[in-house]
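A quick write-up on the structure given underneath.
Throughout, read-outs are computed from the coordinates displayed, never taken from laboratory work. As the structure is a computational prediction, the values presented were derived from the model and not from experiment. Methodologically, a virtual Cβ is constructed for each residue, glycine included, from the backbone with ideal geometry; neighbour enumeration extends over all protein chains shown.
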Amino acid sequence: GVVVLQVEPNSAAFNARLLRGDVIVEANREKVASVQDVRKAVESARSSGKSFALLRVNRKGSLSFVTIATKRAD
């Protein structure tokens, strides 16, 4: 998984309510091992016309799904 080290205010991660210390274990139902894996999954969702990507997150031992926006703010 990928540990969230920092969440920028007003970012897609912030809006998805990701927190420092969360571990992203899947993106779009595919296991992730690096930040690049997460970025690829978000970009793939974006290029497919989807407005969000689905992340599975481990927060202090509890697994949950969150959605993260794929559209860039202009």
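Descriptive notes on the structure:
- Dimensions of the chain from C-alpha coordinates, computed as largest minus smallest value along each principal axis and given longest first, are 33, 27, 19 Å.
- Mean ellipticity per residue at 222 nm, deg cm²/dmol - from DSSP H runs of n ≥ 4 across the chain, formula -39500 (n - 2.57): -6500 deg cm²/dmol
- For the chain, built as a Gaussian network whose Cα springs stay under 10 Å, the top-fluctuating residue of Ala53, Ala33, Ala45: Ala33
- Potential extension, Leu63-Arg46 segment - 0.36 nm per residue separation minus Cα distance: 3.7 nm
- Inter-label distance for Arg39 and Arg20, nm, one decimal - labels placed 7 Å from Cα along Cα-to-Cβ: 2.2 nm
- Cα-based helix-to-principal-axis angle, 35-47 vs the chain, degrees rounded to 10: 30 degrees
- Net charge contributed by nearby residues that have their C-beta within less than 14 Å of Val38 (K/R +1, D/E -1): +1
- Contact order normalised by residue count of the chain, Cα under 8 Å, 6+ apart, percent: 30 percent
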